[in-house]
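Data first, discussion second: the structure below is written as structure tokens.
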Amino acid sequence: MRSNVLLFIGLLLIGAAAVSLSYGGIPYKSEDVVIDVGPLSATAQSNRTWPVPAVVSGLAIAAGIVLVVFGSRRQPG
């Protein structure tokens, strides 16, 4: 059971780091209120990116690979 958790977390780290490297950060959508006058309000959606340094993404990929390797090992016995 523990090995499955390590494997899942490792794959999640590798995937998030790959997205971060390809987009230059982690992309997300933000909804901002542009006008709010009485009962009338207008919102705008904007695409933003949470910047993640390439070194951090590289370390996350390395850590993910280590977790995948340890998670895929079979316990003796």
> How far is helix 54-72 tilted off the main Cα axis of the chain, in degrees rounded to 10, range 0 to 90?
Replying inline: 40 degrees
> The list [x] 18, 13, 11; [y] 40, 16, 6; [z] 23, 16, 9 gives values of semi-axes √(5λ) of the Cα gyration tensor in Å, and only one came from this structure; which label was calculated from it?
Replying inline: [y]
> Taking the chain as a Gaussian network, where each spring joins two C-alpha atoms under 10 Å apart, which residue of Ala18, Ala44, Ala60 fluctuates the most?
Replying inline: Ala44
>> Taking amide H atoms as placed 1.01 Å from N in the peptide plane, list the residues 5 or more away in sequence, or in a different chain, whose amide H sits under 5 Å from that of Ile26.
In response: Trp50, Val52
> Using the Karplus equation 6.51 cos²θ - 1.76 cosθ + 1.60 (θ = phi - 60°), what ³J(HN,Hα) coupling, rounded to whole Hz, does each residue of the range 12-25 give in order, writing x for Gly and Pro?
Replying inline: 5, 4, 4, x, 5, 5, 5, 5, 4, 5, 6, 9, x, x
>> Tell me the net charge near Tyr23. Cut-off is 14 Å between Cβ atoms, Tyr23 excluded, with +1 for each Lys or Arg and -1 for each Asp or Glu.
In response: +2
> What list do you get for Ile35, Ile9 if you sort them by fewest beta carbons within 10 Å?
Replying inline: Ile35, Ile9
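We did not get these values from a lab; they are worked out from the coordinates using the rules stated. Quick caveat, the model's predicted, so the values are computed rather than measured. Please note: Cβ atoms are built from the backbone with ideal geometry, for glycine as well, and neighbour counts cover all protein chains shown.
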